[in-house]
Amino acid sequence: MSDVNPPNDGGRWPAHAERWLLVGAIIVGVAVLAMLIVVAVRPVRPVVTSSSPAASASPSAASASPSIVSAFYVADRRAYVMRVSRDGQVSIVAGAGYSGTPMEGPATNSPMSPVGLAVDKGGNIYVADSAGYVEKITPDGYLWVVAGNGVTDGAPSPGPAEASPIAPVGIAVDGAGDLLVADKNGYIERITPAGQLSVIAGVKQDFYSFPPVEGPASKSPLFPTSVAVDGAGNVFVGDRHGYIAKITPGGTLSFFAGTGDYGGGHRDRGPVPALQSSIYPAGLAIDLAGNVYVANGVIDKITPGGVLTVVAGNGTTGFPVPGPAVDSYLAADGLAVDRVGTLYLADLGNIDQVTVDGVLSIVAGTGDGHDAPDIQHPPVAGPATDSPMRPVAVAV
């Protein structure tokens, strides 16, 4: 019998056999440790993940809000994305403070030019980047490019999203996890979780000279400023020609608000039929009941039945004033709405919060953008109301 077999009486292994067993165990342990280290330092490239019904349709909470969620996110014109927690603390989650081609890796090391934001239920942040990209920032702070090749003056190419020209000005996430991108070149693009791009609305045109046309969305001119999606999958597009267009899941475009008169500013405080109101939709958001909110010099609320009412702003640009929202100055371009109906406004130097009963408060920013629009102070981690910021978009 070989001497590497244990004796039948339960005695010890021979000494040299024990040594070989020990060496083998050490080798296996080192191999397992090496594998764990490789997995830890090489994140798996994710696809776009499934999300709640539209980041713009069911957003989350802010510092003073009764909402059930924990934070809101701010895109800053000076090349940052920030997180503001429920208790009013700001932190930088992406951006190196200068524009340029985004770099995959730690998000705070990457250049960026954010102009729009969306957040999914898994906490992934999607950035519409005016340099010709869409970026995904995972909860652990890693940045991936999920769409765009850096070309901003070409027509989008159906197929792999990373190979397509794209010129984003706004972004939303629908209930299937698809991204909806408002492209300033006159298109609305859909990007699936598998990274495939398709064009759902818009046609090639020169100088964006034509307003939308009701009928098949794929045959209508567009000049998008913003995009949002409701729980039923209807896509709403803010158009510079003075309209909000609604695109059904079947691809039919109809007018939801606006008269096409966008040069004279906001005129109607409502209630008034939305299709009889002058409108310039800089930003859109949709609540769980299907009400559409519009940044339009003031903040309009449009019911699913098409009735428009002003819920914030007195029609004059200026520093926001805490108190009744309809009496306050505003300069908001972007907005979001959370699950309980609280609004978050990306104002010139602040984030303003408007409760469902119409009370405005300032929850982030020092207002530097109002007093000195060219000021370049970067955001500062800590209390959100002590941090300079130049918001261009907000997501919850």
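The values are calculated or read from the model by the stated rules, or taken from the named source; none is laboratory data. Here the structure is a predicted model, which means the values were calculated and not measured. Reconstructed Cβ throughout: ideal geometry from the backbone, glycine too, with neighbour counts over all protein chains shown. These area figures cover heavy atoms from the full protein model, side chains too; ligands, DNA and RNA do not enter into them. Shrake-Rupley method; radii C 1.70, N 1.55, O 1.52, S 1.80 Å.
What lysines could a cross-link reach from LYS219, if we take a straight Cα to Cα line under 28 Å and drop same-chain neighbours fewer than 8 places away?
Candidates past the 8-residue exclusion: LYS184, LYS204, LYS246.
Can you work out the FRET efficiency for the pair SER70 and ALA163, with r the C-beta to C-beta distance and R0 = 35 Å, to the nearest 0.05?
Plugging the Cβ-Cβ distance into 1/(1 + (r/R0)^6) gives 0.45.
Hey, what's the Cα Rg ratio for region 189-306 versus the globular rule of thumb, 2.2 N^0.38 Å?
This ratio for region 189-306 stands at 1.03.
So between VAL380 and ASP140, what do we pick up on full extension, going 0.36 nm a residue minus the alpha carbon distance?
84.4 nm
So what are the ³J(HN,Hα) numbers for region 172-188, from phi and the Karplus equation (6.51, -1.76, 1.60; θ = phi - 60°), rounded to whole Hz, Gly and Pro as x?
So the Karplus estimates, Gly and Pro as x, are 8, 10, 9, x, 8, x, 6, 8, 10, 10, 8, 10, 5, 7, x, 9, 10 Hz.
Suppose each label sits 7 Å from its Cα in the direction of the beta carbon; what would the ASP357-ALA232 distance come out to in nanometres?
It is 3.2 nm.
Kindly write out, for region 218-226 in residue order, the coupling ³J(HN,Hα) from the Karplus curve 6.51 cos²θ - 1.76 cosθ + 1.60 (θ = phi - 60°), rounded to whole Hz, with x marking Gly and Pro.
Once θ is set to phi - 60°, the couplings for region 218-226 become 6, 10, 9, x, 8, 9, x, 10, 6 Hz.
Bin by bin, in steps of 10 Å, what percent of the Cα pairs in region 256-347 do you find, going until the bin that has the longest distance?
19, 54, 26, 1
With a 1.4 Å probe and all protein chains left in place, how much of the accessible area of region 278-396 comes from carbon and sulfur atoms, in whole percent?
C and S atoms contribute 57 percent here.
Is the shape of region 185-240 rounded, prolate or oblate, going by the alpha carbon gyration tensor and its root eigenvalues a ≥ b ≥ c, with a/c under 1.5 for rounded and a/b larger than b/c for prolate?
The shape class here is prolate.
What are the ³J(HN,Hα) couplings of region 345-359, residue after residue, when phi is run through the Karplus curve with 6.51, -1.76, 1.60 and θ = phi - 60°? Round to Hz, x for glycine and proline.
10, 7, 8, 5, x, 8, 10, 9, 10, 10, 6, 5, 8, x, 9
Rounded to the nearest 0.05, what FRET efficiency do VAL272 and ASP327 have when you use their Cβ-Cβ distance and R0 = 22 Å?
According to the calculation, E is roughly 0.65.
Highest mean first, what order results for 217-224, 95-102 on Cβ atoms within 10 Å?
Peptide ranking by packing, descending: 217-224, 95-102.
Please list, or write none, the lysines whose alpha carbon is within less than 18 Å of the alpha carbon of LYS121, excluding same-chain residues fewer than 8 places away.
Filter leaves LYS136.
Distance in nm between label sites at VAL213 and SER91, each 7 Å beyond Cα in the beta-carbon direction?
Spacing of the two 7 Å Cα→Cβ label points: 5.1 nm.
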